[in-house]
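Step one of this worksheet: look at the structure below.
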Amino acid sequence: MAVDDSVLEDLPPSAKLVFKVLEYDGPLTQKRIVEETMLSARTVRYALERLEDRGVVDEDIYFADARQSLYKLTSEPEDGTADADADAEAAD
């Protein structure tokens, strides 16, 4: 997934780390993200909230354990930055 750097630019380092872990390891539960990043559960929750607000992370049901959620990167950011970039490239 190609995310525009400006989407992640002003996020805290913890959110960028969570993004990279999801980018490399694919869909993960919050518990697994905590294990992979060695961040606290609260920090991971905050990072996921920030990433969801930017539209780069989706939360799905984790069928193996319905008490948990599965987090994955979205195909395109929801804020329209990908569309704007595509339009700019098409104009060139």
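Values for this structure:
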{"item": "Top-ranked residue in segment 16-33 [being part of a helix (DSSP H, G or I) and among the aliphatic types (A, V, I, L, M); ranked as nearest to residue 67 (Cα to Cα)]", "result": "33"}
{"item": "Enumeration of residues in segment 20-44 that are over 18 Å from residue 7 (Cβ atoms), charged (D, E, K, R) and loosely packed, with under 15 Cβ neighbours inside 10 Å", "result": "25, 31, 35, 42"}
{"item": "Residue ID - farthest from residue 6 (Cα to Cα), chosen from residues in segment 45-74 that are touching a helix residue (DSSP H, G or I) at 6+ places or on another chain (Cβ under 8 Å) and among the aromatic types (Phe, Trp, Tyr)", "result": "71"}
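The rows are residues; the columns are (1) at pLDDT below 90; (2) in contact with a Phe, Trp or Tyr (Cβ under 9 Å, 6 or more places away or on another chain).
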{"position": "38", "(1), (2)": "no, no"}
{"position": "42", "(1), (2)": "no, no"}
{"position": "47", "(1), (2)": "no, yes"}
{"position": "63", "(1), (2)": "no, no"}
{"position": "77", "(1), (2)": "yes, no"}
{"position": "83", "(1), (2)": "yes, no"}
{"position": "91", "(1), (2)": "yes, no"}
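The values are calculated or read from the model by the stated rules, or taken from the named source; none is laboratory data. This one's a predicted model, so the numbers in the text were calculated from it and none came from an experiment. Every residue, glycine among them, receives a Cβ derived from its backbone with ideal geometry; neighbour counts consider all protein chains shown.
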